[in-house]
């Protein structure tokens with residue numbers, strides 16, 4: 001990831017409504033939410049929400065798909081992961097003790113359930 005892309009994504013999230021939109025969309029993965037539902041959930045006028053969603057979309061943090069008259073937005077978790085990895089990539093500077101507490105905090109609270117083995 002280039003610095004400019006990271007700056008665009010971080011700038012998009014550096015506003016309270018857009019940060020709340022992104023967090024809401026993450027909670028609704030993978031189905032996403034319609035733009036009107038996002039506006040209602042956050043009590044933001046639809047025209048204002050449209051602007052916020054546009055900024056998040058230009059930053060690559062959300063994607064949109066039209067279904068009939070409604071546009072459903074989804075968080076782009078791959079892009080978000082790339083931004084976070086860009087920020088953390090050089091944090092240790094060869095000294096893992098610096099990043100160990102951060103990595104421990106990032107350990108998922110809800111690890112995936114192990115897949116069941118198929119019985120023959």
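The values are calculated or read from the model by the stated rules, or taken from the named source; none is laboratory data. Fair warning: this is a prediction, and the values are worked out from it, not measured in the lab. Positions of Cβ are generated from backbone atoms using ideal geometry, with glycine treated the same way; all protein chains shown enter the neighbour counts.
Things to note:
- Residue in region 75-93 that is farthest from the chain's Cα centre (by Cα), counting only those that are modelled with pLDDT under 75 and surrounded by 10 or more Cβ atoms within 10 Å (Cβ to Cβ): 92
- Pairs, first at pLDDT 75 or above in region 94-105, second in a helix (DSSP H, G or I), C-beta under 6 Å, six or more apart: none
- When residue 35 is tested against (1) touching a strand residue (DSSP E or B) at 6+ places or on another chain (Cβ under 6 Å); (2) closer than 16 Å to residue 60 by Cβ, exactly one condition is not met: (2).
- Candidates 68, 54, 63, filtered to the one that is out of contact with any helix residue (DSSP H, G or I) (no Cβ under 9 Å at 6 or more places or on another chain), more than 15 Å from residue 6 (Cα to Cα) and modelled with pLDDT of 90 or more: 54
- Of all residues making up region 10-50, the number that are more than 16 Å from residue 72 (Cα to Cα) and surrounded by fewer than 12 Cβ atoms within 10 Å (Cβ to Cβ): 4
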